[in-house]
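The values are calculated or read from the model by the stated rules, or taken from the named source; none is laboratory data. As the structure is a computational prediction, the values presented were derived from the model and not from experiment. Cβ placement follows ideal geometry from the backbone for every residue including glycine, while neighbour counts extend to all protein chains displayed. The accessibility values were calculated without ligands, DNA or RNA, using every heavy atom of the protein model including side chains. Shrake-Rupley method; radii C 1.70, N 1.55, O 1.52, S 1.80 Å.
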Amino acid sequence: MQWHAQYAWLGDGVAADVLIEADGERITSVAAGVPSAPHAQRLPGLTLPGLANAHSHAFHRALRSRVQARTGTFWTWREQMYKVADRLDPASYRALATAVFAEMALAGISCVGEFHYLHHRPGGAPYADPNAMGEALIAAAADAGIRITLLDTCYLAGGIGRPLTGPQLRFGDGSAGNWARRVDTLYEQTDKAGRLHARVGAAVHSVRAVPREQLRAVAAWAKEHRAPLHVHLSEQPAENEACLDAYGMTPTRLLAESGALGALTTAVHATHLTDEDIGLLGTTMTGVCMCPTTERDLADGIGPARALADAGVPICLGSDQHAVIDMFEEARAVELDERLRTRVRGHWTAGELLAAATSNGHYGLGWPEAGRLEPGAYADLVTVDLGSVRTAGAGPGCAAEAAVFAAASADVRHVVVSGRPIVHDGRHLLVDDVAAALTEAVTAVTAVTQEEPA
């Protein structure tokens, strides 16, 4: 397979006339400044490695627009989310996730980290297959043609010292030991079935949802399996206050003392951190996933992204609750939010932000062989139109800046995942009508949840 990119971002800059060759799912050669080969597919515009969406809750996509209708807080938003969660079963979850992952593919996303905690039936009883909901997500990613890291989430409490109640009962396994035994089965089944598009990782929902004495078991499972470990960290000031009251330390310090920080760990949000917290994340080489469109939609605050990066923390990006699915918007928001906070421009280069959207995200999801255009990497390609009304006139010398600071997901023209075309000329090749699929799937799980938050 051969592709000839008009321009391509090769990690250290943009090159012209780039011939990319692959054998099966891996790139075999990348050569810049060469004429197009006779049988190469021409890729006008800027070609990037596949984008990584490092933090997703697929079912939250059903909340888009509904939770923007009135005022509220994170906590009123959460009540609406619970109503949708209580409506899902494996079949409806697969249908919804397939449509959401297809929307991601149209936006140039080749790999998603699905932070999955909707495990059991309403009321908490397991399905006949205790991993039926996780299996639905893995199947949905295959249906949509993208790669997935299923971050199976341990969620045991409704807050520090409080039991799970109502829709939360679906999330719980009773103990970290029970969680680990269930995830072992999913991990082994995924490996034995040869699902090359899927890997299984672990997640701690938050220090609110996993008691102190249970944290170490989740961290130990991830280390034993050399699997990614993700955790919501300091998303809300209330979380920090509860942790300080209960344990006398910040959530970051609690995770460090539980062995949950390290190079395979990604902290999600990390919005409200102390200087000591930032230092702990940096010295342990823990990554941070920023989700700016969700953090602003939920009025969570602006995280210290630049300070984290300066401390040695790798930054990746996620669309989280999918207020929008647009990794270019997430990338530029990291810079633009920092400008708002400091009233100074120019904290991040376009290259740094593209790395956050590609290679850093794949590493944090346990796919270090993806996210780069180089021999040996997965043949994941995303081509962005440089002639749309948003990007026209930028010129080749500013192609990376055009992608980061001007382009939108609608400018993605072609997507290849593991050498397989998934999107061509802006049309998904596996899901005939993504908008119709989204409408049907969202309607099915919101039919009785039309009321809006007060």
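List of remarks:
- Looking across A402, A394, A444, one residue alone is out of contact with any His (no Cβ under 9 Å at 6 or more places or on another chain), of a type in the set (A, V, I, L, M), closer than 15 Å to R332 by Cβ and in contact (Cβ under 8 Å) with a residue 24 or more places away in the chain. It is A402.
- Among strands (runs of 3 or more DSSP E) entirely within region 315-434, having at least 3 residues that are buried (at least 24 other Cβ atoms within 10 Å of the Cβ), on the phi < 0 side of the Ramachandran plot and touching an Asp or Glu at 6+ places or on another chain (Cβ under 9 Å) singles out 412-417.
- Test: T283 is over 14 Å from the mean Cα position of the chain (by Cα) and more than 24 Å from M249 (Cβ to Cβ): no
- The residues on offer are A441, A408, A447, and the sole one that is among the small types (G, A, S) and at pLDDT below 95 is A447.
- Where a residue in region 254-268 is under 16 Å from G366 (Cα atoms) and its partner, wherever it lies, is polar (S, T, N, Q) and not in a helix (DSSP H, G or I), with Cβ under 6 Å and at least six apart: L261/T284; L261/T286; G262/T284; T265/T286; A267/T286
- Some residue of region 133-142 being open to solvent by 30 Å² or more (accessible area, probe 1.4 Å), in contact (Cβ under 8 Å) with a residue 12 or more places away in the chain and under 22 Å from the mean Cα position of the chain (by Cα): yes
- Which numbered condition V30 misses (of (1) touching a helix residue (DSSP H, G or I) at 6+ places or on another chain (Cβ under 8 Å); (2) modelled with pLDDT of 95 or more): (1)
- Residue within region 49-72 that is open to solvent by less than 10 Å² (accessible area, probe 1.4 Å), of a type in the set (A, V, I, L, M), touching a His at 6+ places or on another chain (Cβ under 9 Å) and in a strand (DSSP E or B) present: yes
- Matching residues in region 100-132 - criterion: being within 25 Å of R413 (Cα to Cα) and either aromatic (F, W, Y) or without any contact (Cβ under 8 Å) to a residue 12 or more places away in the chain (or both): F101
- Across region 143-165, the number of residues qualifying as open to solvent by 50 Å² or more (accessible area, probe 1.4 Å) and touching a residue at least 12 places away in the same chain (Cβ under 8 Å) comes to 2.
- Qualifying positions in region 206-232 - outside any helix (DSSP H, G or I) and surrounded by fewer than 22 Cβ atoms within 10 Å (Cβ to Cβ): P211, R226, A227
- Check on G24, at pLDDT 90 or above and under 30 Å from G395 (Cα atoms): no
- Residue tally, condition out of contact with any His (no Cβ under 7 Å at 6 or more places or on another chain) and either open to solvent by 60 Å² or more (accessible area, probe 1.4 Å) or in a loop (DSSP other than H, G, I, E, B) (or both), over region 18-40: 11
- Residue check, A31 more than 30 Å from R296 (Cβ to Cβ) and free of Cβ contacts under 8 Å to residues at least 24 places away in the same chain: yes
- Pair list, Cβ < 8 Å and 6+ apart or interchain, from region 166-184 residues that are touching a residue at least 60 places away in the same chain (Cβ under 8 Å) to residues that are among the hydroxyl-bearing types (S, T, Y) and assigned to a helix (DSSP H, G or I): G166/Y82; P167/Y82; Q168/Y82
- Contact annotation: residue pairs with Cβ atoms under 6 Å, 6 or more positions apart or on different chains, pairing a residue in region 57-86 that is of a type in the set (K, R) with a partner that is buried (at least 22 other Cβ atoms within 10 Å of the Cβ), are R61/V100; R61/H322.
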